[in-house]
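Q: Provided herewith is a single structure, encoded as structure tokens, for subsequent inquiry.
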Amino acid sequence: MAETTKDNCSILVVEDDDESRRALTERLHALGHDVQSARARVDAHARQDLDGFDLMISDLADSSESAGHIISAFKLSVTSEDVRTATVALHEIVEATLRFRLRCDDSPKRSFHEKIDIELPSDLSLMNTVLEYLLDRVDKIGLIKTEQSNLFVALDEAFVNAVKHGNRNDPTKLVRITAELSPREAIFTVEDEGDGFDVCEIPDPCDPANLFKSNGRGVLLIYNIMDEVEYSERGTRLRMVKRSESEPPSSLAGA
């Protein structure tokens, strides 16, 4: 995989909590990157130099309360073509950001809804960091016992398929990962920028004999681990649902 000569990235951190904004800005600046910050999204969107940033990190601890529910959101996205192949620099940034978020984000004590939105180049080292973060977050919330649920296997297969088979390991193409967590379930969406495939060619996931076939084995594992699985018509977008262990089991959903 080719690497760019760009040694540092231009990063915009959008965070309304002063301490969190300052701490992450200092952490990323210490890695040698040019870091700017904004207190609110409206301030970020009003910047004249918005298109000049390589990476945007927003709402690290942004929480609001609506109808008795705690709602939080977090987005991490690469916006510049120039740094999509800078895997070493990006890995440091992503790892530092996600580790910082895990340390500063306490689990809600009441009903909550959390959305995590991540857009990164097609590089498995970056996907591994995201996978570790998502599993740690699910563990911290107490939604699912990840070690007993095989959630790692399902998400890993989804990420690998998006990077290797969807985007063909092309770092200029993005993988978009969304996680929506609530007391009832965890919904994961993985989308690539590849050519897609015919979802009708997927072997029957309800037939145990298909688990031993080498072709499409990862997809079959996903179907057997998750409670619901759905592919988009072109096969570039995968939606997976894992329900809380306190919820009654449900049959698999077809593609």
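The values are calculated or read from the model by the stated rules, or taken from the named source; none is laboratory data. Computed from a predicted structure; not experimentally measured. Using ideal geometry, Cβ is built from the backbone for each residue, glycine included, and neighbour counts are taken over all protein chains shown.
Q: Is one or more of the residues making up the stretch 126-134 farther than 23 Å from LEU220 by Cβ, in contact with a Ser or Thr (Cβ under 7 Å, 6 or more places away or on another chain) and β-branched (Val, Ile, Thr)?
A: Within the stretch 126-134, none of the residues are farther than 23 Å from LEU220 by Cβ, in contact with a Ser or Thr (Cβ under 7 Å, 6 or more places away or on another chain) and β-branched (Val, Ile, Thr).
Q: From the list GLU114, GLU119, which residue is within 16 Å of THR172 (Cα to Cα), charged (D, E, K, R), in the same structural domain as ALA186 (by TED's automatic domain parsing) and not in a helix (DSSP H, G or I)? Don't jump to the end; show me each part of the working.
A: Working: GLU114 fails: within 16 Å of THR172 (Cα to Cα).
Matching residue, one of GLU114, GLU119: GLU119.
Q: Keeping to the stretch 158-173, report how many residues are surrounded by 21 or more Cβ atoms within 10 Å (Cβ to Cβ) and under 14 Å from the mean Cα position of the chain (by Cα).
A: Qualifying residue count for the region: 4.
Q: For residues that are part of a helix (DSSP H, G or I) and surrounded by 16 or more Cβ atoms within 10 Å (Cβ to Cβ), scanning just the stretch 64-91, find the one that is modelled with the lowest pLDDT.
A: THR87
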